[in-house]
Amino acid sequence: MTSLPEESPSLIREDDRDAAVRRLREAYAEGLIAHEVLDERLHQVLSATTRGALASALVSLPQEPPARTATIGAAGGRIKRRGAWRVPRVLKVESAYGRVRLDLSRAIIEHPVVDIELQLGTGGARITVPRDAVVDVEDLNTGWKDLRYRVPRRSRPGGPVIRLHGAMGYGRLRIRHTLR
């Protein structure tokens, strides 16, 4: 009996499937596809077993531009960004012992979806987001301290989606929406 290789080139990995789901959600957030189309395409992606089936679910989407990634890191001390700074599509924040302060309230946010990856040891983080931003913290592991975030009662549509993921060790994460 001959054994098959563990992963055939035409089979997809979970990373491929996750990337396809992310692209569909971003296309929906940008208004490129309708809700019904999103549901149909998500079903296609989640049931796909080959790269061809996965590609057919994404065929009508525009080419994904290369993600601009920036990393802010410090072994100790503070990391602070505020004012009119340009927020990249993907922002990685790495700190072993310091505090992190990110103020996005007056930042230049050019992307409808911004991913912020936090890799923090000790020390807390405080993130201020625009009033109309939608914050997603489902993929964030907060370790010893809890997350302090209160969803605003009223928000205006059309704001950026800020997705926080990664891990925090001993510090607390506070997220708040700006009042302006």
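Just a few scattered comments:
Matching residues to (1) aliphatic (A, V, I, L, M); (2) closer than 25 Å to A27 by Cα; (3) exposed (fewer than 14 other Cβ atoms within 10 Å of the Cβ); (4) modelled with pLDDT under 85:
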site	(1), (2), (3), (4)
S95	no, no, no, no
R126	no, no, no, no
A133	yes, yes, no, no
D146	no, no, yes, yes
L164	yes, yes, no, no
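- Failed condition for Q44, given (1) surrounded by fewer than 13 Cβ atoms within 10 Å (Cβ to Cβ); (2) more than 19 Å from the chain's Cα centre (by Cα); (3) among the polar types (S, T, N, Q): (1)
- Of A70, A27, all but one fail to be among the small types (G, A, S), at pLDDT below 90 and assigned to a strand (DSSP E or B); the exception is A70.
- Strands (runs of 3 or more DSSP E) fully within segment 100-180 counting 3 or more residues that are touching a Lys or Arg at 6+ places or on another chain (Cβ under 6 Å): 100-103
- Among the residues of segment 79-93, those identified as under 30 Å from A27 (Cα atoms), of a type outside the set (V, I, T) and not in a loop (DSSP other than H, G, I, E, B) are R81, R86, L91, K92.
The values are calculated or read from the model by the stated rules, or taken from the named source; none is laboratory data. The structure presented is a predicted model; accordingly, all values stated were derived computationally and were not measured. Reconstructed Cβ throughout: ideal geometry from the backbone, glycine too, with neighbour counts over all protein chains shown.
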